[in-house]
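Chemist: Encoded as structure tokens, here's the structure I'll be asking about.
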Amino acid sequence: MAWTCPSCGFGKNEDSVVRCLCGYELPPAEYQNQNYERVGGLLLLVAFGLSLTALTNGILILRSAKVDYVPVIVIIIEWVSALFYVALPIILLIILFLKKRFFPKMMVSFLMLHLIVAIMAYFGWKYVYLRDAAIFEKSFFFAKCVVVSAVIGCCIWIPYFFISERVKRTFVR
């Protein structure tokens, strides 16, 4: 059964579609009683994860300033990536709580970028720490853990942002 949009008059909207091309939404009966005006559900886990990412990378910046045995290029790379991973999650948190329509795409882009950076770091550790075997093993293990966690995060959150009805209903305007 097709429905006609009262805003623009477009008459070929299907039952499964809850919004028209013009932006008007036809809320089904099961959605009328639910509150999508605020961030809730699993999106609170996303907000918590972004907050934790910004906090831990901020601490990483402070801790890496005190280390003397690491090559200078590694310190520079860690500072740039940590600053990137502090600023971007804070920006994403602001966009999340402002409920901007482009947040799901930005979050998926952030997750994929994190995976790419983790893979690049995994292969980059081999060339940086060739002289000291103890530091190499510890850093290489850490790089493996980061890649695995990035892959698991992408496998969980990217489908969630594409499939979840809460995401579709929360970020409509």
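The values are calculated or read from the model by the stated rules, or taken from the named source; none is laboratory data. Computed from a prediction, not measured in an experiment: that's the story for all the values here. Cβ coordinates were reconstructed from backbone atoms using ideal geometry, including for glycine residues, and neighbour counts include every protein chain displayed.
Chemist: Any residue that is of a type in the set (D, E, K, R), in the same structural domain as residue 156 (by TED's automatic domain parsing) and either at pLDDT below 90 or outside any helix (DSSP H, G or I) (or both) - is there at least one of those in the stretch 102-115?
Modeler: No, because not a single residue in the stretch 102-115 is of a type in the set (D, E, K, R), in the same structural domain as residue 156 (by TED's automatic domain parsing) and either at pLDDT below 90 or outside any helix (DSSP H, G or I) (or both).
Chemist: Tell me, please, whether a residue that is over 13 Å from residue 108 (Cα atoms), modelled with pLDDT under 90 and either assigned to a helix (DSSP H, G or I) or touching an Asp or Glu at 6+ places or on another chain (Cβ under 8 Å) (or both) can be found in the stretch 151-164.
Modeler: Scanning the stretch 151-164 turns up no residue that is over 13 Å from residue 108 (Cα atoms), modelled with pLDDT under 90 and either assigned to a helix (DSSP H, G or I) or touching an Asp or Glu at 6+ places or on another chain (Cβ under 8 Å) (or both).
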